[in-house]
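Data first, discussion second: the structure below is written as structure tokens.
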């Protein structure tokens, strides 16, 4: 049975490499295809979703480490000063409001969740995933400042929401009286320790790699593997001293991106390719494990929450945060709608399921329903709405265009992206 599953999964990965462009032209994206494959494996009894395999947890954890690290490291923080006010509004006002609104709505719709599980739902569904809206962030018809705004928000909000999700999981475990539950107080200390360890590891690693390049002691072909190891080093070092590894990975990525120099973005390609591979496995696990849970616990309120989460809970905070930001109504609606829920939300759901067990089943069902609805709704609406908005916003950009940070691929193709910038010619520094 296990060998059959391995055969089917590896064949699907290879087949995706062969026909991914054709499938995406038919709006069959990687999340849709691999979620469906996972659900089919569970449906035909090839995998037992009620008893996840032991390998699932490390895959989920490594995926989150690489996603947090690469998203944070990819952002050119020095180049974001021109529109820093808009970023601060979305991340400092919009994101907290999204978490609070989602928390309150979950507590209202599902009072049996208690405060901690309701917070888990609200925080897990707050991060956005630009990779699920590639036609938006790669369409040159959309103003570059708006594409950059969506990309930067997606790159940072998962790292900012991670501590809240982990606190919610710790609080829910303590409230349920589960063994080895640490409680939110201890989890908060771990977050602080992890931030410090991660920042130190990322800064030191970026500086040492830059120095090695300048002195010609680093083999260029091995640099990507070194960065991959650095992300795991920050994670494991934080765990070794009692810190939180996920927060460490995010802070390490921020520090690495600041200290690694101009070659840093190119050296992230291997990390992104690996995270793209494991992300496909996470989507498959999502289909095999959480989709059956969602179907078992599906109630009308679950669907209603998913709809409100993608609309009111997301769009109202964006509108409030954008007051005074100089954005017109069409732009605010456009940015508010294109907040797809994707990989980060799935990873948070699977981590909660691993830590809390059946206690979190219905909360995971709510998260799963929202992500599935987002994959379909944002997947089918991205291209036509981006083209329509681009036509409406045609003309010179106020303040001029800006270079747009490439969106994370995560197993998806990079349409209209600047591939030569990701694969620069070899040069010695």
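The values are calculated or read from the model by the stated rules, or taken from the named source; none is laboratory data. Note that this is a predicted model, so its numbers are computed, not measured. Heads up, the Cβs are rebuilt from the backbone with ideal geometry, glycines too, and the neighbour counts pull from every protein chain shown.
General observations
- In this structure, residue 187 does satisfy being modelled with pLDDT under 90, on the phi < 0 side of the Ramachandran plot and within 22 Å of the chain's Cα centre (by Cα).
- For segment 186-193, the condition holds for no residue, the condition being that it is touching a helix residue (DSSP H, G or I) at 6+ places or on another chain (Cβ under 6 Å) and either without any contact (Cβ under 8 Å) to a residue 12 or more places away in the chain or not in a helix (DSSP H, G or I) (or both).
- Of the criteria (1) surrounded by fewer than 24 Cβ atoms within 10 Å (Cβ to Cβ); (2) in a helix (DSSP H, G or I); (3) at pLDDT below 90, which one residue 326 fails: (2)
- Some residue of segment 62-79 being touching a residue at least 24 places away in the same chain (Cβ under 8 Å), more than 20 Å from residue 253 (Cα to Cα) and assigned to a helix (DSSP H, G or I): no
- When each of 239, 233 is tested for being without any contact (Cβ under 8 Å) to a residue 40 or more places away in the chain, over 20 Å from the mean Cα position of the chain (by Cα), under 13 Å from residue 191 (Cα atoms) and in a helix (DSSP H, G or I), the lone residue that passes is 239.
- Within segment 213-235, being modelled with pLDDT of 90 or more and out of contact with any helix residue (DSSP H, G or I) (no Cβ under 7 Å at 6 or more places or on another chain) holds for one residue alone: 229.
- Considering 356, 281, the condition of being farther than 18 Å from residue 67 by Cα and touching a residue at least 12 places away in the same chain (Cβ under 8 Å) is satisfied by 356 alone.
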